[in-house]
Structure formats: structure tokens, C-alpha cells
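Bear in mind these aren't lab numbers, they're just calculated from the coordinates by the rules spelled out. These numbers were taken from a predicted model, which means no experiment stands behind them. Cβ sites come from the backbone with ideal geometry, for glycine too, and all protein chains shown count toward neighbours.
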Ligand code: FE2
Ligand code: FE2
Ligand code: FE2
């Protein structure tokens, strides 16, 4: 693939991914205000942007190998933990941007959970043991903190109660 096409796909993937997430958030806000139909518009369009993002990604990389996907996921999480978030968090603290600093810290700490769990599953998947991944996963809807098996009474990262955890 030509470099220009690759760069265009990367930019389009980033843009569509952002639109997907932004529309889902706009849908939540619309729902909270009782604007059910507007929420439905945002949700439908968010899904459409997801389809665009998926097509762009598949045009630029192979996503069919589960072990390779886990390796990419681990590399992404590791970069965020070791390089991206520590720097962003420090800069936000220095600038006294507290809300941004908290958001960076919550993400940085959560990515450590993700990397650890992905590493464990990589071993299972590489040896054909998908069925060994049996437990439930719980994600804090306030900070994203992720745990296996059981939700904690109180989120160790943001102190939200058990009811704020979403089951997967
Ligand atoms: Fe789109
Ligand atoms: Fe993550
Ligand atoms: Fe939390």
C-alpha cells in the first residue's frame, strides 16, 4: 500500500473512531434530558461511524489472528502506561488542570489492569484455551477500572459504589 493511502486510512480511522465515541456520549446526554429520539439518532449514527472505522482498519491491517490482536492490544496498553499517560498526567498536574489530571490518572491505572489481564489471556489463547476464560468482567462506569470475577464494594480507583460497575 502507498504511504499516502496508509496515512489517509490511519487519519480516517482516528476520525471515525472519535465520531463513534462522541456520538455515543451525545446520546447518553440526550437520554439524560429525556430526548429519546435524538438519543436514537446519535446511537444510529455512532454505529454507522463504527462501521466506517472498522472498514478503514481492515483495509490497513489484518485483524484475523487473535494472538496477534492480543499482542497489539498489549503493546498499546503498555505504551499508554509507560509513556503516554505519565507524561500527560505530569503536565496536567503542573498546569493545575485537575479534571484532566484525574482523567489521565484513572485511565493510566486502568490500563495496568488491562495489560495484565490481556497478558494472562494471551497465554491461554496461544495454547487454544479460550474456554478457560470463563469469569465475568466488571467495569466501573465512572473511571473505567476493570476487574475479573466480582465487582468490589467500592471502586479502588474512584470510590464509586458497586452499583456503578457494569457486567460483561
Ligand atoms: Fe463516517
Ligand atoms: Fe486500556
Ligand atoms: Fe471507578
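Here are some notes:
- Of all the listed residues (91, 111), the sole one being within 30 Å of residue 11 (Cα to Cα), part of a helix (DSSP H, G or I) and in contact with a helix residue (DSSP H, G or I) (Cβ under 7 Å, 6 or more places away or on another chain) is 111.
- Any pair with Cβ under 9 angstrom, 6 or more apart, that starts in region 52-67 at a residue that is closer than 18 Å to residue 20 by Cβ and ends at one that is more than 16 Å from ligand 3 (Cβ to nearest atom) and not in a helix (DSSP H, G or I): 54/63; 57/63; 59/1; 60/1
- When residue 159 is tested against the conditions (1) loosely packed, with under 13 Cβ neighbours inside 10 Å; (2) in contact with a strand residue (DSSP E or B) (Cβ under 8 Å, 6 or more places away or on another chain); (3) farther than 20 Å from residue 73 by Cβ, the lone failure is (2).
- Filtered residues of region 131-155 (kept if outside any loop (DSSP other than H, G, I, E, B) and either in contact (Cβ under 8 Å) with a residue 12 or more places away in the chain or within 16 Å of ligand 2 (Cβ to nearest atom) (or both)): 137, 138, 139, 140, 146, 147, 148
- The residues in region 102-128 that are more than 18 Å from the chain's Cα centre (by Cα) and within 16 Å of ligand 3 (Cβ to nearest atom) can be counted, and the count is 0.
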